[in-house]
1. Scanning for something part of a strand (DSSP E or B), closer than 19 Å to TRP6 by Cβ, within 14 Å of the ligand (Cβ to nearest atom) and touching a Gly at 6+ places or on another chain (Cβ under 6 Å), does the stretch 179-189 turn up at least one residue?
2. Quick one: would you say ASP95 is of a type outside the set (A, V, I, L, M, F, W, C) and either over 15 Å from PHE65 (Cα atoms) or within 10 Å of the ligand (Cβ to nearest atom) (or both)?
3. Is it the case, given these coordinates, that PRO108 is more than 20 Å from HIS149 (Cα to Cα), assigned to a loop (DSSP other than H, G, I, E, B) and touching a residue at least 40 places away in the same chain (Cβ under 8 Å)?
4. Among residues belonging to the stretch 98-118 that are near the ligand (Cβ under 10 Å from one of its atoms) and buried (at least 20 other Cβ atoms within 10 Å of the Cβ), point out the one that is farthest from ALA239 (Cα to Cα).
5. From the set of residues in the stretch 71-87 that are among the β-branched types (Val, Ile, Thr) and more than 8 Å from the ligand (Cβ to nearest atom), which is farthest from MET110 (Cα to Cα)?
6. I'd like the full set of residues that are among the acidic types (Asp, Glu), away from the ligand (no atom under 13 Å from the Cβ) and not in a loop (DSSP other than H, G, I, E, B), limited to the stretch 36-70.
7. For ALA21, are the conditions met, namely being closer than 30 Å to PRO229 by Cβ, at pLDDT below 95, in contact with a Pro (Cβ under 7 Å, 6 or more places away or on another chain) and more than 8 Å from the ligand (Cβ to nearest atom)?
8. Do you know which residues across the stretch 50-97 are among the aromatic types (Phe, Trp, Tyr) and within 16 Å of ILE15 (Cα to Cα)?
Amino acid sequence: MTLVNWDALAESFDIHDPSQAQASAADNKLIAWPEILGMLEAFNSTPGQDPITNILDFGCGTGSFAAELTRRKYQVVGIDPAVEMIKKARQLYKDPHFIHSDAVNLLPSMCFDAVVSIMVFQFIADPNQTFKYLARHVRDGGILIIAVHSPEYVRASLAKGHRFQESENTAHPTLWIEFANRIRIEVFLRDLTSYTRDLAAEGFSLLQVATPPFTEDYINLYGRGSLEPLETPKFLIMAFQKVRV
Ligand SMILES: C[S@@+](CC[C@H](N)C(=O)[O-])C[C@H]1O[C@@H](n2cnc3c(N)ncnc32)[C@H](O)[C@@H]1O
């Protein structure tokens, strides 16, 4: 599978150095990553939990988070259905194992202590099939961490005219976000209740939720003078645990 829009964005998604990256990619590194890394560490220091050693980065893009995880001594596989994203990831980073694929085509034998997915699920129209496939690849007691745009942030951005737009057609309402080079990608808003309900059907229970505020670093680099609603947390980060059977 090749995703044309995402392929065209591969160059602008290198967030090696946030000061060189677009705000739309560097926000992950400056705001979401610390929270997610903290969730993994907290899980690993909780008595009674089997430690997380291997992680799947689902929708890894150009691989920067997967590479950060390998720096922290996790064994990491990154997968992404956009061929250009995976090409760029392989050019940039030697260590994580990068696969051009979607969850559907992963080997059934691949089983992970954790799956992390950053800014992917809001772009999937119907995530239930994907949840079902991913559930097969998380061990019992393992975790799934999903970070998406928070619905409140998207609504506040729409109100301010910041990067999100909605079609006027009430019969077929469509919401999209604009990235570099005026590339528009459709967005599907879901809240915590909806993720919790749909993942419960695949055997996951909610462990932790975070909505980290904008950091000073981000505001200093990208916030000043922008229309971005800096008072509304951008990320909804949810950790689910696969119930032991
Ligand atoms: C906003 S980027 C985020 C990339 C990376 N996780 C990051 O944080 O930099 C969204 C990624 O999701 C991938 N993607 C889109 N649809 C997908 C799907 N159905 N399954 C898995 N990945 C998908 C895209 O190819 C793209 O690399």
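1. Within the stretch 179-189, not a single residue is part of a strand (DSSP E or B), closer than 19 Å to TRP6 by Cβ, within 14 Å of the ligand (Cβ to nearest atom) and touching a Gly at 6+ places or on another chain (Cβ under 6 Å).
2. Taking the combined requirement at face value, the residue does not satisfy it.
3. no
4. ALA103
5. VAL83
6. Answer for the stretch 36-70, where residues must be among the acidic types (Asp, Glu), away from the ligand (no atom under 13 Å from the Cβ) and not in a loop (DSSP other than H, G, I, E, B): just GLU41.
7. no
8. Passing the criteria: PHE65, TYR93.
The values are calculated or read from the model by the stated rules, or taken from the named source; none is laboratory data. No experiment lies behind these values; they were computed from the predicted model shown. Neighbour counts are summed over all protein chains in view; Cβ atoms, including those assigned to glycine, are modelled from backbone coordinates with ideal geometry.
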